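This report concerns only the one structure given below.
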Ligand code: XUL
Ligand code: CO
């Protein structure tokens, strides 16, 4: 049931979004997302764990570096900072409950405006945390993860945890403490670190080794505090190679995993993989997912898509069924998310100005994921997809190949085998066959 506060309805004329099936003509209904439907042993709701991102949907206003706001929705307009923040939260919970989604995610500064006064900010966030607690109780919506925005304030222009000035780092610590307190008070299931300013613009003024050591120390300090407060959730690092900083330390999945290993953080931290960050790193989204799954580190996902013709983080809503089927294959085979879910870190375009556009964007993304889940599950159950890949490695399943895998062959043994068996056969990788197989099941 939608949660609407008093006579304040922000999305007038839009009721509860329901599953109506693929045949419906209703653009404000789900065609594929049937929350209670069981797929591969779990409901769709349990697999996908959708979350709405507070920052894009309730703080973004359509402004870009060249133009003023275009999204004039009427929340966050009247009264002081706390009154405006409550208004915005009313809008958020109305929206999330109309979509019937289980989760939301926020940065501290999304919830309520921050000033430069640490104690004032803490007070404001506590007030809104209490308000959110009531909203959560009334709606059953939960917090998937919280985070602190350590990149917008000008004090972070040279980094937060990696700032060369300890005084700035201390402010980052204060902010993370308050954001952790809020996350814990709201029963948040996870906590995210995205290091948009943790990196460098020029090595000429940067001691990279020292900055990375400071980053690790900061993560340990934050983690120790949260554990002391009883936080049982997972910490996520969200890799991104650049933007806003020229080079960011959390470059991609592989880089982050080796950083966590080097600094003894593997036990508490996993990855939050974002589609458009993967492509900025020169990878496919599926590459980043597979690296995370193979390391047992797939925590969560920030869902969006980039633009094929330009090179920045456009954060568009996901709508590509082929790409998401390939992603869902990896997620399903990998056993799903560890702690996290699918957070729509995506924004409607500057010229999508109707409140309804926010619904169309989310419904489209949700349905594309739900449909991809169904297709991926069918491929895994009914097709020869897994067998074809397994068969490619069959020469390692027995005989000398198996002995080699176990470490039982020397370089001389390899030479002997090569000489005894002559030239290997030419064997196809069958890529086009597999691509067609995916399309066949869509
Ligand atoms: C920025 C980004 C962030 C993080 C949270 O590219 O993805 O919104 O998800 O700080
Ligand atoms: Co993100």
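Taken together, the values in this text are just the output of simple stated rules run on the coordinates, not laboratory data. A quick note: this is a predicted structure, and the numbers were derived from the prediction, not measured. So basically every Cβ, Gly included, is an ideal-geometry build from the backbone, and we count neighbours across all protein chains shown.
Based on the Kirkwood radius over alpha-carbon pairs, what value in µm²/s does the Stokes-Einstein equation return for the translational diffusion coefficient of region 116-237 at 10 °C and 1.306 mPa s?
Once the numbers are plugged in, D ends up at 104 µm²/s.
What nm value, rounded to one decimal, do you get for the distance between residue 83 and residue 133 when each label is placed 7 Å out toward the C-beta?
2.5
Helix 321-333 versus the longest principal axis of the chain: what angle, 0 to 90°, nearest 10, using Cα atoms?
The two axes meet at around 70 degrees.
Would you mind classifying region 1-95 by shape? Square roots of the alpha carbon gyration tensor eigenvalues, ordered a ≥ b ≥ c; an a/c under 1.5 is rounded, otherwise it is prolate if a/b is larger than b/c and oblate if not.
prolate
Classify region 1-52 as rounded, prolate or oblate from the Cα gyration tensor: take a ≥ b ≥ c as the square roots of its eigenvalues, call it rounded if a/c is under 1.5, otherwise prolate when a/b beats b/c and oblate if not.
oblate
Modelled label-to-label distance, residue 386 and residue 16, 7 Å Cα→beta-carbon offset: nm?
3.7
Scaled to the compact-protein estimate 2.2 N^0.38 Å, what is the alpha-carbon radius of gyration of region 346-433, rounded to two decimal places?
The value comes to 2.01.
Efficiency by 1/(1 + (r/R0)^6): what FRET value for residue 207 and residue 227, r their Cβ-Cβ distance, R0 = 25 Å, to the nearest 0.05?
Once the sixth-power term is evaluated, E becomes 0.25.
Kindly identify region 293-421 as rounded, prolate or oblate by the Cα gyration tensor criterion: order the square roots of the eigenvalues as a ≥ b ≥ c, call it rounded if a/c is under 1.5, otherwise compare a/b with b/c, prolate if a/b is larger, else oblate.
prolate
Please report, largest first and rounded to whole Å, the three semi-axes of the ellipsoid equivalent to region 203-282, where each semi-axis is the square root of five times an eigenvalue of the C-alpha gyration tensor.
After scaling each eigenvalue by five and taking roots: 23, 17, 10 Å.
In whole angstrom, how long is each semi-axis of the equivalent ellipsoid of the chain, when you take the square root of 5 times every eigenvalue of its Cα gyration tensor and sort them from largest down?
On the way: eigenvalues 314, 176, 73 Å².
Over the Cα atoms of the chain, the ellipsoid semi-axes are 40, 30, 19 Å.
In degrees from 0 to 90, rounded to the nearest 10, what is the angle of the helix 81-98 Cα long axis to the longest principal axis of the chain?
50
Between residue 425 and residue 410, what is the spin-label point distance in nm, taking each point 7 Å from the Cα along the Cα→C-beta axis?
Label at residue 425, label at residue 410, 3.2 nm between them.
Between region 226-270 and region 303-378, how many Å separate their Cα centres?
23
How far, in degrees from 0 to 90, does helix 411-421 lean away from the longest principal axis of the Cα atoms of the chain, to the nearest 10?
Its long axis makes an angle of about 60 degrees.
Need one number: the % of Cα-Cα pairs in region 385-441 sitting beyond the 19 Å mark.
The share of Cα pairs beyond 19 Å in region 385-441 comes to 46 percent.
If one puts a single equal scatterer on every Cα of region 255-302 and applies the Debye formula without solvent, what log₁₀ I(q)/I(0) results at q = 0.18, 0.28, 0.31, 0.33 Å⁻¹?
-0.51, -1.06, -1.18, -1.24
Residue separation times 0.36 nm, minus the C-alpha to C-alpha distance between residue 72 and residue 439: what's the value?
128.1 nm
Using the 2.2 N^0.38 Å rule of thumb for compact globular proteins, work out how region 68-135 stacks up: its C-alpha Rg over that value, please.
In units of the 2.2 N^0.38 Å rule of thumb, it is 1.15.
Rank the residues 409, 215 as a footprinting-exposure proxy: fewest other Cβ atoms within 10 Å of their Cβ go first.
The fewest-first ordering by Cβ neighbours comes to 409, 215.
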